[in-house]
Amino acid sequence: MTADLTPLTPRAPAPRLVDLPTDLQVQVRKSARVLQRRWEGSVNVETIERFMVESLDLLKNSKVLTWTPVIAERLTNDRLRALVRLDSAPTDLSPSVLFLCVHNAGRSQMAAGFMRHLAGDRVDVFSGGSEPAASLNRAVVAAMAEKGIDISGEIPQPWADEVVRAADVIVTMGCGDACPVYPGKRYVDWELDDPAGRTLEEVRPIRDEIERRVRSLLAELVPAA
């Protein structure tokens, strides 16, 4: 791999696999084997294990500590997907979008759900939050189910440097100064009400506005012609 993954804001060195408790080392190696099969020929197992440990470090303040290894595997998969994009020729790639909000439990999840549903494999979709919540907003999940889109299996997670670098368009929704700003990236800010604490009836208009904006963005990224 030749992609430059140096973060703009230096972080303290992530712990090594051998620094983790033995039971967590076992889980990391198990997840690494799963991801190695998925990314066979693109990323070696050593890189996957390193990414898993770094993902665990990103999640050290997670509100869902019980599920941290599961979230780490998903986050690592997104980071590997982004890594492959960074090391591929632009002409070989579909457009990519990163949806960001504060908790990655409502607005960004709805936007990502709509984009995946409407675009299929024509757009590579990522989402994340500056302060990931413990779980998805139940009213948001119900509102999306009314549209025939199941997001109940999604898990709030933070954004990662590789994912931001790999995105062609970064859509921010209420995360303000906490959202990452990388030079040369296209940023779009959607001013939307936060569905947190709202009823299903109150979430529906937010959902419908997000759908409208996602359809508009999709038309820009993948013109019908």
* Asked: Is it true that some residue in the stretch 76-95 is in a loop (DSSP other than H, G, I, E, B) and without any contact (Cβ under 8 Å) to a residue 24 or more places away in the chain?
  -> yes
* Selected residue (criterion: farthest from the chain's Cα centre (by Cα)) from residues of the stretch 35-44 that are under 14 Å from Leu83 (Cβ atoms) and at pLDDT 90 or above -> Asn44
* **Extreme residue, nearest to Gly113 (Cα to Cα), among residues of the stretch 128-144 that are part of a loop (DSSP other than H, G, I, E, B), open to solvent by less than 40 Å² (accessible area, probe 1.4 Å) and among the hydrophobic types (A, V, I, L, M, F, W, C)** => Leu136
* Structure fact -> The residue that is nearest to Ile155 (Cα to Cα), considering only those in the stretch 48-91 that are open to solvent by 50 Å² or more (accessible area, probe 1.4 Å) and of a type in the set (A, V, I, L, M), is Val70
* Any idea which of (1) at pLDDT below 95; (2) among the polar types (S, T, N, Q); (3) under 19 Å from Tyr182 (Cα atoms) is the one Thr91 doesn't satisfy? -> (3)
* Cβ-Cβ under 9 Å pairs, at least 6 apart or on other chains, the stretch 58-71 side farther than 15 Å from Ser130 by Cβ and modelled with pLDDT under 70, far side open to solvent by less than 30 Å² (accessible area, probe 1.4 Å) and of a type in the set (Val, Ile, Thr) -> Val64/Ile71
* Asked: Do we have Lys147 as open to solvent by 20 Å² or more (accessible area, probe 1.4 Å), basic (Lys, Arg) and more than 24 Å from Leu93 (Cα to Cα) here?
  -> yes
* Select, from Pro156, Pro183, the only residue that is assigned to a loop (DSSP other than H, G, I, E, B), under 30 Å from Leu56 (Cα atoms), open to solvent by less than 60 Å² (accessible area, probe 1.4 Å) and not small (Gly, Ala, Ser). => Pro156
* **The one condition in (1) touching a helix residue (DSSP H, G or I) at 6+ places or on another chain (Cβ under 8 Å); (2) open to solvent by less than 60 Å² (accessible area, probe 1.4 Å) that Thr199 fails to fulfil** => (2)
* Pairs, first more than 18 Å from Leu136 (Cβ to Cβ) in the stretch 203-218, second open to solvent by 60 Å² or more (accessible area, probe 1.4 Å) and not acidic (Asp, Glu), C-beta under 7 Å, six or more apart -> none
* Asked: Which of (1) open to solvent by less than 70 Å² (accessible area, probe 1.4 Å); (2) at pLDDT below 95 is the odd one out, the single condition Ile210 does not satisfy?
  -> (2)
* Looking for whichever is more than 20 Å from Gly153 (Cβ to Cβ), modelled with pLDDT under 95 and assigned to a loop (DSSP other than H, G, I, E, B) here; the options are Ala32, Ala14. Which one fits? => Ala14
* Structure fact -> Only unsatisfied item for Leu118, checking (1) under 29 Å from Ile48 (Cβ atoms); (2) open to solvent by 20 Å² or more (accessible area, probe 1.4 Å); (3) assigned to a helix (DSSP H, G or I); (4) touching a residue at least 24 places away in the same chain (Cβ under 8 Å), is (1)
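The values are calculated or read from the model by the stated rules, or taken from the named source; none is laboratory data. This structure is a prediction, so every number in the text was calculated from the model and none was measured. Every residue, glycine as well, gets a Cβ built from its backbone with ideal geometry; the counts of neighbours run over all protein chains shown. In case anyone asks, the SASA skips ligands and DNA or RNA and just uses the protein heavy atoms, side chains included. Shrake-Rupley method; radii C 1.70, N 1.55, O 1.52, S 1.80 Å.
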